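Below you'll find the structure, written out as structure tokens, and then a few comments.
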2 protein chains.
Amino acid sequence: MNAPVSIKDVAAHAGVSLGTVSNVLNRPEIVAQSTRDRVYEAIKMLGFVRNESARQLRAGRSRTIGLVVLDVANPFFTDMARGVEDEASMSGLSVMLCNSDEQDGREARHLELLEQHRVQGILITPVREADERLARLQERGTPVVLVDSRSASGHQCSVSVDDVLGGDLAVSHLLKAGHERLAFVGGPASLRQVADRCEGASRAMARAGRSPTDLQVLATAALTVAGGRTAGGQIAEMPPAERPTAAFCANDLVALGLLQEMTRRKISVPDELAIVGYDDIEFAGAAAVPLSSVRQPRQDLGRMAARLLMEETYDSDGHQHRQVVFQPELEVRQSSGGPVDSDRLG
Amino acid sequence: MNAPVSIKDVAAHAGVSLGTVSNVLNRPEIVAQSTRDRVYEAIKMLGFVRNESARQLRAGRSRTIGLVVLDVANPFFTDMARGVEDEASMSGLSVMLCNSDEQDGREARHLELLEQHRVQGILITPVREADERLARLQERGTPVVLVDSRSASGHQCSVSVDDVLGGDLAVSHLLKAGHERLAFVGGPASLRQVADRCEGASRAMARAGRSPTDLQVLATAALTVAGGRTAGGQIAEMPPAERPTAAFCANDLVALGLLQEMTRRKISVPDELAIVGYDDIEFAGAAAVPLSSVRQPRQDLGRMAARLLMEETYDSDGHQHRQVVFQPELEVRQSSGGPVDSDRLG
DNA sequence: AGCCACATTTGACACGTTCCAATACTCGCG
DNA sequence: CGCGAGTATTGGAACGTGTCAAATGTGGCT
């Protein structure tokens, strides 16, 4: 309704030049007290609000960083995002959170928009590995940091968790508990997280001297509760003699879906099917049967990624790309035969 | 690393004027085939990427809408956000998702940033009701739509769900099941959602001829799993004779926390304590004891809010503010004594 | 009075786009 | 051959900032 108020209007109203208003805004210490007060008053009176677009245009870069995740509905990623935001806001940056939904097309669209916005940099958990798009983004001047993903080329920074180890931990635990026939549930296999966790599972099998065929792989369309339920149906319909007695799921959403389907079909967890999930989201401990899960330092992942990005931004010359790898930890609960009454809280 | 490439560089490289390149970008149909091709080629060769800041500056408004929610870690809000994004992207708008974390200060900071970005409009689930900040935002020209909240003044559009009815449904159900001593668990009471759901609970009590003192109100610091656990501790420590036999929680996170604490302390749900939650998030059906919950049309809430905003934006003259109210539905599951084996999936 | 140092303020330009009025060119028709 | 009607292209003026060299004012000192 009101005509937009610009720095020029403020200047006119305060009876100073345009440059002075700008100085008040950006380097108040160099302008005389009395002038400063007059300008502040004009700002308040007119309801002046800085125009971020103009600032960005002038500066050449925005004061925003982009964060592209696989699934905002997954608490793992919102926790990670929280870490990013905390770190970013300490440097006065804001975060643009984008959801690729594990879809290549959506991811591409978001990257395009973020580049057009000239964001400081992009933190991304990519849908596919070794993406040329990311390489081109970097070449054109937008730094990219991989989160919960590892840079194969070494051409960018990355922060990840050793998912192979995580898979190994989970399956070793199940083997030690005496399980013979195991299943790995998760997909799509094109996601690095899925592939690595599966590889870790295989590694544990091999080390225990088991045949790889003892590990059945059940693919899901996505890492969601619905995907877990579908897989649960498949498991339930196997003849009991062939049915795995333990399942390691690529994340907690899948594990919860699986658990839910087992409960519905009256297949006891953990007696008939033990389950281990991944991520240890807050809901895991509150599940039908408290879920064993591989815990990742979610917030730290985000914080570190943001920090690496800023390192790269502020020291773009001498910057060496770094690959930070965190270690996962296994949290054993009831779903894999852990203590029935745990006093520990997830 | 490379110098940023602008429309001017493209023009030079294609041997045309700057205005022509702009035309190719915005109204390709009015420029001759051959010229167009030449320009496209130059764009590709130079790796030109539009500068959104400059476009926005010129246009006066950005092509983004802001969404401020109380808690991104709550699946209710991410589902809602999904609805907003779907609707927005159909009109070529992107969404900036902000988390106020139920904190006034964070909310203020986000609003400030969004206004500086000159967003098309702001969808917000406010921390406090009747916020003068929002009124001022509107006056200065940024439309505001309340989501999961109701406009008291009628000065803005709003989309909400009848939370009083929701509370009524939940408590009526519990009363019908024969419970005598009830508890309402949730807070802070300053949140409209909390106050309304509690009011609905009281209404149901009154209608059933119960004394208001039969409804004990347990306040939580926030609507989180942790808050629910704390409240659970309080309930557990009451002498069994005074302890409520049923609890209605202000949302599912609180309910899950409460449930988790009861399980830990070996207090049976629903036998010793029946629980009803609110929102019917995906995890509710997968909980330790499948959670009865009041369902809200989460995605529709978001979609409708986005639609109202666009209505206001594109027809700013003749626009009349609207208050859309959806109806909630009660989903009865095992936590409040519903059927033990439900074939329905949450 | 003249000079200098210092504090404050000014004015103009650049950032990359979009938009519009003005120009150049082409063709058909009288 | 000239004219009108398109069609295709051009040039330049904004949009709101930040920056910086230059201008202005102030006061002290010789």
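Just to be sure, is A:Gly302 in a helix (DSSP H, G or I) and under 15 Å from the mean Cα position of the chain (by Cα)? Criteria met by A:Gly302. Within the stretch A:150-170, being without any contact (Cβ under 8 Å) to a residue 60 or more places away in the chain and crowded, with 23+ Cβ neighbours inside 10 Å holds for one residue alone: A:Asp168. Could you run through the stretch B:87-134 and say how many residues are within 11 Å of another protein chain (Cβ to nearest Cβ), not in a helix (DSSP H, G or I) and not basic (Lys, Arg)? Total meeting the criteria: 11.
Filtering the stretch B:281-314 to residues that are in contact with a helix residue (DSSP H, G or I) (Cβ under 7 Å, 6 or more places away or on another chain), away from chain A (no Cβ under 12 Å) and within 19 Å of B:Ala255 (Cα to Cα) leaves B:Ser292, B:Ser293, B:Val294.
The residues in the stretch A:256-265 that are free of Cβ contacts under 8 Å to residues at least 40 places away in the same chain and under 10 Å from A:Ile275 (Cα atoms) can be counted, and the count is 1. In the stretch A:214-241, the residues that are touching a residue at least 24 places away in the same chain (Cβ under 8 Å) form Cβ pairs under 6 Å with partners that are outside any helix (DSSP H, G or I) and surrounded by fewer than 16 Cβ atoms within 10 Å (Cβ to Cβ), at six or more places apart or across chains, as follows: A:Gly227/A:Ala221; A:Ala236/A:Arg265. Take the conditions (1) away from DNA strand D (no atom under 16 Å from the Cβ); (2) free of Cβ contacts under 8 Å to residues at least 24 places away in the same chain; A:Pro75 misses just one of them, which is (2). Flag not set for A:Val84, criterion: assigned to a helix (DSSP H, G or I) and more than 12 Å from chain B (Cβ to nearest Cβ). Beta carbons closer than 6 Å, at least 6 apart along the sequence or on distinct chains, pair a first residue in the stretch A:58-71 that is in contact (Cβ under 8 Å) with a residue 60 or more places away in the chain with a second that is within 16 Å of DNA strand C (Cβ to nearest atom) and among the aliphatic types (A, V, I, L, M) for A:Ile65/A:Val119. Across the stretch A:49-67, the qualifying residues are those that are of a type in the set (Val, Ile, Thr) and touching a strand residue (DSSP E or B) at 6+ places or on another chain (Cβ under 8 Å), and the one among them that is nearest to DNA strand D (Cβ to nearest atom) is A:Thr64.
Out of the stretch B:268-280, which residues are within 14 Å of another protein chain (Cβ to nearest Cβ) and closer than 20 Å to B:Thr224 by Cβ? Result: B:Val269, B:Ile275, B:Gly277, B:Asp279, B:Asp280. For the stretch A:171-195, a tally of residues being surrounded by 21 or more Cβ atoms within 10 Å (Cβ to Cβ), touching a helix residue (DSSP H, G or I) at 6+ places or on another chain (Cβ under 7 Å) and not β-branched (Val, Ile, Thr) returns 8.
Of all the listed residues (A:Val39, A:Val147), the sole one being over 25 Å from B:Asp86 (Cβ atoms), aliphatic (A, V, I, L, M) and buried (at least 21 other Cβ atoms within 10 Å of the Cβ) is A:Val39. All but one of (1) within 21 Å of the chain's Cα centre (by Cα); (2) more than 20 Å from A:Met238 (Cα to Cα) hold for A:Cys249, so report the exception by its number. Result: A:Cys249 fails condition (2) only. When you scan the stretch A:315-333, do you find a residue that is under 20 Å from A:Leu175 (Cα atoms), in contact (Cβ under 8 Å) with a residue 40 or more places away in the chain and within 14 Å of chain B (Cβ to nearest Cβ), even just one? Checked the stretch A:315-333: at least one residue is under 20 Å from A:Leu175 (Cα atoms), in contact (Cβ under 8 Å) with a residue 40 or more places away in the chain and within 14 Å of chain B (Cβ to nearest Cβ). Inspect the stretch B:259-267 for any residue being within 10 Å of another protein chain (Cβ to nearest Cβ), surrounded by 24 or more Cβ atoms within 10 Å (Cβ to Cβ) and within 20 Å of B:Thr230 (Cα to Cα) and give the result as yes or no. Yes, the stretch B:259-267 has at least one match.
Residues that are more than 9 Å from chain A (Cβ to nearest Cβ) and not in a loop (DSSP other than H, G, I, E, B) within the stretch B:65-81 comprise B:Ile65, B:Gly66, B:Leu67, B:Val68, B:Val69, B:Phe76, B:Phe77, B:Met80, listed in sequence order.
Where a number appears in this text, it was derived from the coordinates with a stated rule and is not lab data. The shown structure was predicted, so the numbers you read here are calculated from the model rather than taken from an experiment. Every residue, glycine among them, receives a Cβ derived from its backbone with ideal geometry; neighbour counts consider all protein chains shown.
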